[in-house]
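Below: one structure, written as structure tokens.
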Amino acid sequence: MKALSVENLCVKADNRHLLENITFSVEEGRIVAIIGPNGAGKTTLIKAILGLIPYQTGSVSLFGRPFRHNKSHTKVGYVPQRLEFDRTFPLTVSELLGFTVPPIYSFPFHRKGKEKKYIDRLLKTVGAQDLRDRGIGSLSGGELQRVMIAKAIVNEPGILFLDEAASGVDIEGQEKFYDLVRRLNKEKGLTVILISHDLNVVYRFADDVLCLNRRLVCTGSPEDTLTNEVIKSVYGEMMGAYIHSCHEHD
């Protein structure tokens, strides 16, 4: 089954095409990486798919239904590129997750029991059970990203969008982050759409790759798309040597 279908999507701003005639589909249970240079429209594409910005033409379907008319937004999880919040605000991890827990677990009669168990189970899923009572402002970059993943999957979505979600995290933290994403993909059948500038990450973790530069340049497996010829056409000549290192360290 197709988790996501995008047909002839066009996004304009100030009479300029940000995205032009984007068409692709994603099979359920796949990890798909979107790559491209700065300004290629990667974040714009995710935001347009999610309805966070308007698109002029085209259509988006989620699990076989038009997304604009699909009220089941719980099928979608999203971790944006920039997390903006007041780090001095006295909010714990469990309190943050409590705001988004499904009603069946947070209804007043159940709050003290079922909600706590649900949050504990959620944090255990992402390996963050020891962070339950920590203040949000005290978390490291890697810890915060695990909590944001927990928040994104609180309603058990079928598809998860990650926009440079591991940026600003050290190398060890990035490894743990993408290992977690892969585990959720395998254990829960979660479809993942991720943006990453790190082609090593893409080569190691993605099942499929979309090469974007305002238009869809190519799609395929990492082996087929992360080649000198394709990367040069998307990024320019400077990336030729870099792509060799992706294959050498595989």
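The values are calculated or read from the model by the stated rules, or taken from the named source; none is laboratory data. Quick caveat, the model's predicted, so the values are computed rather than measured. Neighbour counts are summed over all protein chains in view; Cβ atoms, including those assigned to glycine, are modelled from backbone coordinates with ideal geometry.
Here are some notes:
- Top-ranked residue in segment 19-39 [being among the small types (Gly, Ala, Ser) and either under 17 Å from the mean Cα position of the chain (by Cα) or closer than 25 Å to Met1 by Cβ (or both); ranked as modelled with the lowest pLDDT]: Gly36
- Output for segment 159-217, where each listed residue is of a type outside the set (D, E, K, R), under 19 Å from Glu143 (Cβ atoms), surrounded by fewer than 16 Cβ atoms within 10 Å (Cβ to Cβ) and over 14 Å from the mean Cα position of the chain (by Cα): Gly168, Ile171
- The number of residues in segment 41-97 that are at pLDDT below 85 and crowded, with 16+ Cβ neighbours inside 10 Å comes to 3.
- Residue check for Glu115: at pLDDT below 90, surrounded by fewer than 15 Cβ atoms within 10 Å (Cβ to Cβ) and not β-branched (Val, Ile, Thr): no
- Single residue of segment 159-173 satisfying the filter (assigned to a loop (DSSP other than H, G, I, E, B) and closer than 29 Å to Gly64 by Cβ) that is modelled with the lowest pLDDT: Ala165
- Segment 125-158 - residue that is of a type in the set (D, E, K, R), surrounded by fewer than 21 Cβ atoms within 10 Å (Cβ to Cβ) and in a helix (DSSP H, G or I) and, of those, modelled with the lowest pLDDT: Glu143
- Complete set of residues in segment 158-176 that are among the acidic types (Asp, Glu) and in contact with a strand residue (DSSP E or B) (Cβ under 9 Å, 6 or more places away or on another chain): Asp163, Glu164
- Scanning segment 1-38 for residues that are within 26 Å of Tyr178 (Cβ to Cβ), touching a residue at least 24 places away in the same chain (Cβ under 8 Å) and not hydrophobic (A, V, I, L, M, F, W, C) gives Lys2, Ser5, Glu27, Glu28, Gly29, Arg30, Gly36, Pro37.
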